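Worksheet: one structure, shown below.
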Amino acid sequence: MMNITESATTRSYVPYTSEMSANRYLNKSGDETWVAWAEAMVVAGFSSPSLFVLLGEIKPFNAFEMSALFDDIVEELGIPVVSSDTEAVETLAAAIAEQYVRGRTGLNVTQSLLVQFPWGLANIYRDEDLHLDLLDYIGEWELSPEEEDAEADRLIREFHQMHPMTKWRPFEWERPCG
């Protein structure tokens, strides 16, 4: 059985709208996840001419065309845009944390995604914003595996609380937690 984060037509991961905007800012576009996102948006009741065009895209995908379609959808629906590297990284990390908090991904997968994340892409003030510094914390202290998991869980949930993506709520195909 397919869960809500999988598309019926592509069976691929369906990104949140916030992730789409962050990926667009980082010029990562043009694959089946964009079509899956359009499908999830239409099923959730969103409607715009460009959204329907993006929904109908098939392989081979044209990244430039898909990016232009997404830009049109943003304008047609009034979707917020990501406007900096820092915001893009924090938005993508918040989406990963969201998936964990909702129980869609396990702790090990979430940690792996966050630890491998391109934090160096953005100049994030570590003491204030980078509470997901999982490797440094876990490597610095001699914790049992259970303590490591508990601390990782706490750090991810704390980050999720700090970055609730409030401006994205009205534009997500599935409403975020918190």
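Rounded to the nearest 10 square angstrom, VAL53 shows an accessible area of 70 square angstrom against a 1.4 Å probe. The string of couplings for region 20-27 from the Karplus curve (6.51, -1.76, 1.60, θ = phi - 60°) is 4, 5, 5, 5, 4, 4, 7, 6 Hz, one whole number per residue in order, with x for Gly and Pro. Evaluated at q = 0.15, 0.16 Å⁻¹, the base-10 log of the normalised Debye intensity for region 17-77, with identical point scatterers placed on the Cα atoms, takes the values -0.36, -0.41. The accessible area of ASP72, taken with all protein chains in place and a 1.4 Å probe, comes to roughly 70 Å².
The values are calculated or read from the model by the stated rules, or taken from the named source; none is laboratory data. These numbers were taken from a predicted model, which means no experiment stands behind them. SASA here: full protein model, heavy atoms, side chains in, ligands and nucleic acids out. Shrake-Rupley method; radii C 1.70, N 1.55, O 1.52, S 1.80 Å.
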